[in-house]
């Protein structure tokens, strides 16, 4: 059986240009999944695109760093920056506070639930969870998110660690590769979290494209897809879009690279899919028992109005 591959775009809902790229790539058959930001300025436009493209798997891109929270600020004080109104603006600040034990898991759970339920109330069947800046690689974030996933009928979560076979390719900057190697020490703890260990929430065998973020061009994408193992389930994490005036208003380091990634997907994925033993393209909603129910038309996603906490 060939490997199964999820082609997932992050930052759905951040700008209309990113949304347009995701729609175009999915319709071209080179993108199967996207994770929607409940806090994104172009959220309503993204919801309209998702509802017009029901074969696109849509997850929730939980945002705990940078931006305006969905929950009332007074209910999540440990997640907030110095103004006590917005989320911490720096992943370094967030990580340091997390490691010092200053961020409460119930605050994470409360804000994450507000984001998830915003999607569900908009009519989105949320296929999976991932996080902005991959914060759920820390157990103190992964634990409450997995608890929520189990209680809100969300059957999958991103494995936020690169598989070992991608390290040999040498993509991305040396500093980024060293940082990812350092956080790899957390992977055993992630895989031992009870919902994953017992299969209540499914994950993949790894996510590639993390080390190459900002440098995912046709060459690096072709080399990575050519190195896919003969079996397993993997995710490509990518950030395609249009580098337009809307993006100019967003604080992000990923600008011209969004055009590059869009063109790389359009160029490389059809070439890979034309080869023998090409991967099977899926999205997270196809995995596990919930995926089987979706195939049978018997899955009833949460409405977003359920009492969870």
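Read-outs: derived from the displayed coordinates by stated rules, not from any lab. Bear in mind the structure is a predicted one, so any value in this text is a computation, not a measurement. Methodologically, a virtual Cβ is constructed for each residue, glycine included, from the backbone with ideal geometry; neighbour enumeration extends over all protein chains shown.
Numbers for the structure displayed
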quantity: Kirkwood hydrodynamic radius (C-alpha pairs) into Stokes-Einstein, segment 98-231, 10 °C and 1.306 mPa s, D in µm²/s; calculated: 98 µm²/s
quantity: Stretchable slack from residue 55 to residue 200, in nm (0.36 nm times residue separation minus alpha-carbon distance); calculated: 49.8 nm
quantity: Rounded to 5, percent antiparallel among DSSP beta bridges of the chain; calculated: 5 percent
quantity: Protection proxy ranking of 292-299, 32-39 - average other beta-carbon atoms within 10 Å, highest first; calculated: 32-39, 292-299
quantity: Relative contact order %, the chain, counting alpha carbon pairs below 8 Å whose residues are six or more apart; calculated: 25 percent
quantity: Nitroxide proxy distance, nm - points 7 Å out along Cα→Cβ at residue 164 and residue 292; calculated: 3.1 nm
quantity: Viscosity 1.567 mPa s, 4 °C: Kirkwood-radius Stokes-Einstein D of segment 159-309 over Cα pairs, µm²/s; calculated: 73 µm²/s
quantity: Among 184, 231, 130, residue whose mean-square fluctuation peaks in a GNM of the chain (springs only between Cα atoms under 10 Å); calculated: 231
quantity: Relative packing of 8-18, 70-80, 104-114, which averages over residues the other C-beta atoms within 10 Å, highest first; calculated: 8-18, 104-114, 70-80
quantity: Extension reserve of the residue 24-residue 308 stretch, reckoned as 0.36 nm per residue once the Cα distance is removed; calculated: 98.7 nm
quantity: Pairs of Cα atoms farther than 19 Å apart, segment 50-173, %; calculated: 51 percent
quantity: Over segment 253-303 - Rg/Rh using Cα atoms and the Kirkwood inverse-distance radius; calculated: 1.18
quantity: Quotient of C-alpha Rg and 2.2 N^0.38 Å, computed over segment 24-95; calculated: 1.37
quantity: Sites residue 256 and residue 89 - FRET efficiency at Förster radius 22 Å, r taken between beta-carbons, to 0.05; calculated: 0.45
quantity: Within the chain, helix-based [θ] at 222 nm, where runs of 4 or more DSSP H residues each add -39,500 (n - 2.57), nearest 500; calculated: -11500 deg cm²/dmol
quantity: Mean projected area in nm² (Cα convex hull; one quarter of hull surface) for the chain; calculated: 14.8 nm²
